[in-house]
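Please read the structure below before turning to the comments.
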Amino acid sequence: MRDEKKAARQKQIAEAAYQVLAEKGYAGTSMLSIAKKAKASNETLYRWYGNKQGLFRDLVAQNSELVAVQLEHELSKAEPSLKALETIGERLLAMLLSPRAVALNRAAVVDAEVSGELGQALAEAGRDRVLPLLAALLDRLKAEGILSFTHVAEAAELYVALLVGDMQIRRVTGVLPEPLGKDVQQRAQRATTRFAAIYKPGNG
């Protein structure tokens with residue numbers, strides 16, 4: 001199958017998987033139900049993904065890659081700035097609070113009692129993929145004299161904490177509705193401003 005055709009088919013399968021997940025929950029979702037929804041063969045899904053956990057690991061990776069690509073784009077720019085950090089924050093927060101991310105996190109909770117593979121995938125494709133890129137951007141901001149800190153990993157953790165707070169867990173538990181784009185933007189601006197104040201050169 002040509003790459004373009006396969007990519008289009010995989011997109012259809014991903015859409016179907018999210019639809020079935022919303023309708024039946026993770027425990028009630030099967031490869032067969034996804035195949036039927038996507039109008040694909042069950043054999044194709046097993047050949048491409050191995051099993052249900054493999055399919056959802058792929059969805060986790062796709063979701064996280066959106067932010068990773070944006071981070072890499074900002075890293076490629078000649079002059080990093082706090083605006084770049086704010087942009088990354090906005091993209092990251094929007095992804096973490098999106099319906100798809102919420103659905104995948106809920107699925108990981110259910111899978112924790114079965115295989116634990118989805119939780120591991122969320123860590124590897126999300127945190128382990130994105131945080132090093134965020135740290136690289138912070139290092140460049142430090143090199144430019146925009147920020148001052150001792151431990152970049154600690155600074156990256158703090159930025160994420162200021163940005164996300166308890167919003168992700170509140171989304172997953174159904175307490176918080178999906179925020180509007182302007183609210184996400186304002187949250188990213190506020191987190192970046194507070195972070196820059198903490199790590200302002202000369203603060204000690």
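The values are calculated or read from the model by the stated rules, or taken from the named source; none is laboratory data. It should be emphasised that the depicted structure is a prediction, and the values quoted were computed from it without experimental measurement. Here the Cβ positions follow ideal geometry from the backbone for every residue, glycine too, while neighbour counts run over all protein chains shown. Note: accessible area is taken over every heavy atom of the protein model, side chains too, but ligands, DNA and RNA are not part of it. Shrake-Rupley method; radii C 1.70, N 1.55, O 1.52, S 1.80 Å.
Brief remarks on what is shown
- If only residues of region 31-48 that are outside any helix (DSSP H, G or I) and in contact with a helix residue (DSSP H, G or I) (Cβ under 7 Å, 6 or more places away or on another chain) are counted, the one that is surrounded by the most Cβ atoms within 10 Å (Cβ to Cβ) is A40.
- Considering A22, A14, A7, the condition of being of a type in the set (A, V, I, L, M, F, W, C), under 22 Å from the mean Cα position of the chain (by Cα) and over 15 Å from Q62 (Cα atoms) is satisfied by A22 alone.
- In summary, helices (runs of 4 or more DSSP H) completely within region 91-204 and bearing 2 or more residues that are buried (at least 20 other Cβ atoms within 10 Å of the Cβ) occur at 99-111, 117-122, 128-143, 152-164, 181-198.
- As a summary of the residue check, V60 satisfies the conditions (1) closer than 21 Å to V114 by Cβ; (2) surrounded by 21 or more Cβ atoms within 10 Å (Cβ to Cβ); (3) more than 16 Å from the chain's Cα centre (by Cα) except for the one numbered (3).
- Test: residue in region 40-54 that is closer than 28 Å to T173 by Cα, aromatic (F, W, Y) and at pLDDT 90 or above: no
- Test: residue in region 70-87 that is touching a Leu at 6+ places or on another chain (Cβ under 7 Å), among the polar types (S, T, N, Q) and modelled with pLDDT under 90: no
- Of all residues in region 49-69, those being at negative phi and not in a helix (DSSP H, G or I) number 1.
- The one condition in (1) under 30 Å from Q185 (Cα atoms); (2) open to solvent by 70 Å² or more (accessible area, probe 1.4 Å) that L71 fails to fulfil: (2)
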